[in-house]
Amino acid sequence: MFSIVPLAPRGREYGPTRHHPSVQKDVDMGLDLDDDLDHSSRITSPGEMISSSSAVLRGHGTYVEGEGVIASVTGVITRVNKLVTVRAVKSRYSPEVGDLVVGRIVEVAQSRWKVDVNGRQDAVLHLASVNLPGGIQRRKLETDELQMRNFFEEGDLLVAEVQAAGGGNASLHTRSLKFGKLRNGQLATVPPALVRRLKSQFHSLPCGVDLILGMNGYIWVSKHVKESEQLGEEGFDAEGVYSNVNDDIDNATRAAISRVSNVILVLARHHVPLTDMILNDAYDWVIEQGISTADILLGEAGESMVLSVTAQLP
Amino acid sequence: MVISKSEQSYIRSSLLAGDSHRADGRGLDRFRTISLQAGGDVAPLANGSARVNIGGSEVIAAVKLEGPSGDDEALGRNGGRISCTITCSQSAYPYKTNSQLDETSSDLTSIISSALSSSITPSPQLTIVPNKKSWLLNVDALVLSDAGNILDALFISIRGALWDLKIPRTRGIQFTSREPGDLEGEADIMKGVLRERKQIDAVDFELEDFWEDGDPLVNRDSLPIAISLNILHPIYFLDACLAEEESAPDRLVLFFSFPSPAKSARYSSGGVAPGTLHGIHLMGPGELPYTRLMPLIAQGEKHARELCVALNSMLRGEDAKINAQTTIRR
């Protein structure tokens with residue numbers, strides 16, 4: 001089955017007219033720069049003057065030109081006391097302490113792993129920051145360093161928390177039973193800005209699908225694991241946690257996982273922020289309309305789904 | 001891109017399950033949406049160009065005609081020649097080193113150029129001066145991004161560029177020595193034949209019209225097509241995404257060409273005219289038992305034929321639109 005459509009030519013969109021600097025001042029005089037103190041957030045684009053530079057500290061995403069503070073990226077203006085920053089709409093993930101991230105091992109180095117978290121740099125996962133088989137309190141041995149690939153190999157996906165982050169360097173840890181290697185599912189990648197920080201990044205949808213919304217834009221969609229089946233503290237063993245073997249998954253769950261993945265990708269394509277409420281609504285809408293899984297992503301049904309879901313947003 | 005063992009095993013078990021599931025819910029023989037643009041603004045300076053995007057795999061292809069420059073290879077050749085170069089851009093493979101990129105590029109080039117040259121050349125349309133000069137088609141394709149199934153995307157874009165190709169009309173000329181009372185310099189070959197009534201061989205050529213005009217290739221419907229069948233015993237599937245390519249690395253690549261509908265209408269038995277197989281490649285670490293090969297080729301021919309028909313009708317539609325626009329402009 002083939003569907004062939006014409007490709008839109010590139011480079012058709014042009015920005016608004018730019019004026020000569022001497023004219024620009026006259027244009028800007030019309031702007032009333034004080035009334036945006038009342039707005040909580042305002043979108044700006046590069047070159048737009050945010051405020052006059054008196055009594056204002058400029059932060060990231062801005063620069064000073066003449067007597068004004070001008071935005072250098074497209075994003076949302078944030079003011080904290082006297083600090084003005086512009087938080088870019090499209091940017092790489094910046095790790096912050098306490099974030100939950102889904103990462104992929106790219107390198108096994110001496111007593112640490114390098115993890116790709118969709119940021120500007122790879123994060124680091126130290127051998128001391130993972131749970132070693134044999135109990136939580138087990139001491140690290142020299143042989144553990146030589147057998148690091150028994151725990152995590154190149155290409156493995158894991159969920160971890162950011163322990164320390166400074167200047168782009170992030171350090172991860174998996175010292176909790178809900179963290180660790182991921183299996184029984186598939187990965188969906190969305191822009192990091194769309195993932196909201198919620199009370200819990202772990203969600204369970206009623207269709208038998210578990211979601212892990214990584215703050216870095218990596219979302220793990222997997223088969224539901226019941227609370228009672230999760231291992232307790234005493235039963236922590238290497239076979240279970242670091243195993244690469246999937247459980248038996250029935251066809252209905254596989255179909256549900258594909259459907260949820262597609263819904264996530266379509267919502268991301270239309271820049272809809274992701275929360276479990278929105279995902280629930282979108283999934284129910286898709287089931288009601290009886291749209292086949294592939295058509296969510298490839299057909300035009302995706303547009304209608306987004307419209308109906310966003311209409312319910314406040 | 002390396003994926004984890006559990007992801008690979010999940011993809012494999014989903015494909016082999018009762019009603020096969022793929023990551024995005026497609027059927028085993030369904031392609032992602034193919035976006036195609038032939039001619040127009042893709043590469044205005046080339047004689048033919050096209051751009052294709054299949055679910056994120058984006059390729060630009062362009063064809064440039066080269067007249068023979070006088071080296072010995074070109075002399076005495078009829079039917080034209082085709083030379084193909086595939087380049088993988090660094091932005092498509094950010095984690096590959098330069099030498100790995102070169103290796104990938106040359107692998108793709110060798111696979112594609114043999115299939116192209118056996119199916120396009122020799123063609124009488126590409127002969128300029130019989131037994132002396134013929135066109136050299138330089139086909140260049142650039143991989144801008146790879147989201148799986150890059151070989152099919154490459155071939156679709158090359159096919160689109162060849163569909164868009166316009167071959168300038170030429171006229172053979174010959175030089176006669178000056179005789180008293182006779183026309184000096186060049187003479188039209190037709191006039192020459194009529195007047196002298198002896199075999200006059202043109203030795204050179206000139207262009208009749210401007211570079212933008214020209215004739216498209218005859219039998220554009222029978223341009224070749226490539227189809228990759230990803231093999232995971234006992235099933236196969238089409239248009240793999242990157243994760244699926246990692247999980248099922250064995251691939252059978254088939255190059256087919258099908259006769260144009262006018263020719264196949266004359267096919268007496270009322271069935272469909274069979275396609276011509278121009279090349280088979282088996283890629284990947286696995287083995288394929290011989291007994292499985294023939295049924296796979298038959299299935300591949302079926303899919304290739306469907307893809308050909310879909311592409312031809314879409315490109316013809318685009319041509320009609322462009323013609324309508326130009327007539328309106330005039």
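Conditions: (1) polar (S, T, N, Q); (2) over 23 Å from the mean Cα position of the chain (by Cα); (3) modelled with pLDDT of 85 or more. A:Asn184 meets all but one. Number of the miss?
Of the numbered conditions (1) polar (S, T, N, Q); (2) over 23 Å from the mean Cα position of the chain (by Cα); (3) modelled with pLDDT of 85 or more, the odd one out for A:Asn184 is (2).
So for segment A:126-139 (the condition being in contact with a strand residue (DSSP E or B) (Cβ under 6 Å, 6 or more places away or on another chain), crowded, with 18+ Cβ neighbours inside 10 Å and in a strand (DSSP E or B)), does at least one residue qualify?
No; the residues of segment A:126-139 include none that is in contact with a strand residue (DSSP E or B) (Cβ under 6 Å, 6 or more places away or on another chain), crowded, with 18+ Cβ neighbours inside 10 Å and in a strand (DSSP E or B).
May I ask you to list the residues in segment B:1-10 that are more than 7 Å from chain A (Cβ to nearest Cβ) and assigned to a helix (DSSP H, G or I)?
Once the filter is applied, which keeps residues that are more than 7 Å from chain A (Cβ to nearest Cβ) and assigned to a helix (DSSP H, G or I), segment B:1-10 yields only B:Gln8.
Looking only at segment A:154-166, filter to residues that are of a type outside the set (A, V, I, L, M) and at pLDDT 90 or above; which one of those is surrounded by the most Cβ atoms within 10 Å (Cβ to Cβ)?
A:Asp156
For segment B:11-26, give me each residue that is surrounded by 15 or more Cβ atoms within 10 Å (Cβ to Cβ), part of a loop (DSSP other than H, G, I, E, B) and either facing chain A (nearest Cβ under 7 Å) or among the β-branched types (Val, Ile, Thr) (or both).
B:His21, B:Ala23, B:Asp24, B:Gly25, B:Arg26
For A:Glu142, work out the one condition from (1) at pLDDT 90 or above; (2) surrounded by fewer than 19 Cβ atoms within 10 Å (Cβ to Cβ); (3) more than 14 Å from chain B (Cβ to nearest Cβ) it doesn't fulfil.
(1)
How many residues does segment A:95-120 hold that are in contact (Cβ under 8 Å) with a residue 60 or more places away in the chain, surrounded by fewer than 16 Cβ atoms within 10 Å (Cβ to Cβ) and of a type outside the set (D, E, K, R)?
Looking only at that region, the number is 2.
Could you list, in sequence order, the residues of segment B:18-73 that are within 15 Å of the chain's Cα centre (by Cα) and of a type in the set (Phe, Trp, Tyr)?
Of everything in segment B:18-73, nothing turns out to be within 15 Å of the chain's Cα centre (by Cα) and of a type in the set (Phe, Trp, Tyr).
Taking only segment A:262-314 into account, find how many residues are hydroxyl-bearing (Ser, Thr, Tyr), in contact with a Gly (Cβ under 8 Å, 6 or more places away or on another chain) and assigned to a helix (DSSP H, G or I).
Residues in segment A:262-314 being hydroxyl-bearing (Ser, Thr, Tyr), in contact with a Gly (Cβ under 8 Å, 6 or more places away or on another chain) and assigned to a helix (DSSP H, G or I): 1 in total.
Quick one: what pairs do we get from segment B:303-327, first residue more than 9 Å from chain A (Cβ to nearest Cβ) and on the phi < 0 side of the Ramachandran plot, second crowded, with 18+ Cβ neighbours inside 10 Å and acidic (Asp, Glu), C-beta under 8 Å, 6+ apart or different chains?
B:Cys308/B:Asp221; B:Asn312/B:Asp221
Taking the condition farther than 28 Å from A:Leu297 by Cα, of a type outside the set (A, V, I, L, M) and either at pLDDT 95 or above or out of contact with any Asp or Glu (no Cβ under 6 Å at 6 or more places or on another chain) (or both), does B:Gly80 pass?
Yes, satisfied.
Where residues in segment A:245-255 are farther than 19 Å from A:Ala301 by Cα and surrounded by 16 or more Cβ atoms within 10 Å (Cβ to Cβ), which of them is farthest from the other protein chains (Cβ to nearest Cβ)?
Of everything passing the filter in segment A:245-255, A:Thr253 is farthest from the other protein chains (Cβ to nearest Cβ).
Yes/no matrix, rows are residues, columns are (1) modelled with pLDDT of 90 or more; (2) under 27 Å from A:Arg104 (Cβ atoms); (3) part of a helix (DSSP H, G or I):
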{"position": "B:Ser49", "(1), (2), (3)": "yes, no, no"}
{"position": "B:Pro68", "(1), (2), (3)": "no, no, no"}
{"position": "B:Cys84", "(1), (2), (3)": "yes, no, no"}
{"position": "B:Leu108", "(1), (2), (3)": "yes, yes, yes"}
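Scan segment B:76-83 and give yes if some residue there is closer than 28 Å to B:Ile322 by Cβ, surrounded by 19 or more Cβ atoms within 10 Å (Cβ to Cβ) and in contact (Cβ under 8 Å) with a residue 24 or more places away in the chain, otherwise no.
yes
For B:Ala226, work out the one condition from (1) under 16 Å from the mean Cα position of the chain (by Cα); (2) modelled with pLDDT under 90 it doesn't fulfil.
Result: B:Ala226 fails condition (2) only.
For segment A:145-182, how many residues are of a type in the set (Ser, Thr, Tyr) and within 14 Å of chain B (Cβ to nearest Cβ)?
Of the residues in that region, 0 qualify.
Considering B:Glu306, B:Glu318, which residue is farther than 18 Å from B:Leu254 by Cβ and either part of a helix (DSSP H, G or I) or among the small types (Gly, Ala, Ser) (or both)?
B:Glu318
Table: residues versus (1) away from every other protein chain (no Cβ under 13 Å); (2) surrounded by 18 or more Cβ atoms within 10 Å (Cβ to Cβ); (3) touching a residue at least 60 places away in the same chain (Cβ under 8 Å); (4) within 14 Å of A:Leu213 (Cβ to Cβ).
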site	(1), (2), (3), (4)
A:Ser243	no, no, yes, no
A:Ile257	no, yes, yes, no
A:Ala268	yes, yes, yes, yes
A:Asp281	yes, yes, no, no
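Can we say B:Gly79 is under 20 Å from the mean Cα position of the chain (by Cα), more than 30 Å from A:Val5 (Cβ to Cβ) and part of a loop (DSSP other than H, G, I, E, B)?
When the stated conditions are applied, B:Gly79 passes them.
Give the residue that is farthest from the other protein chains (Cβ to nearest Cβ), with candidates limited to residues of segment B:27-36 that are of a type outside the set (Phe, Trp, Tyr) and in contact (Cβ under 8 Å) with a residue 24 or more places away in the chain.
Among those residues, the one meeting the criterion is B:Leu28.
Which numbered condition in (1) surrounded by 14 or more Cβ atoms within 10 Å (Cβ to Cβ); (2) at pLDDT below 90 is the only one that B:Glu73 fails?
The failed condition is (1).
Would you please name the residue that is surrounded by the fewest Cβ atoms within 10 Å (Cβ to Cβ), looking only at residues in segment B:27-47 that are modelled with pLDDT of 90 or more and assigned to a strand (DSSP E or B)?
The selected residue is B:Ser35.
The values are calculated or read from the model by the stated rules, or taken from the named source; none is laboratory data. Since this is a predicted model, take the numbers as computed values, not measurements. Quick reminder, even Gly has a Cβ in these numbers, built from the backbone with ideal geometry, and neighbours come from all protein chains shown.
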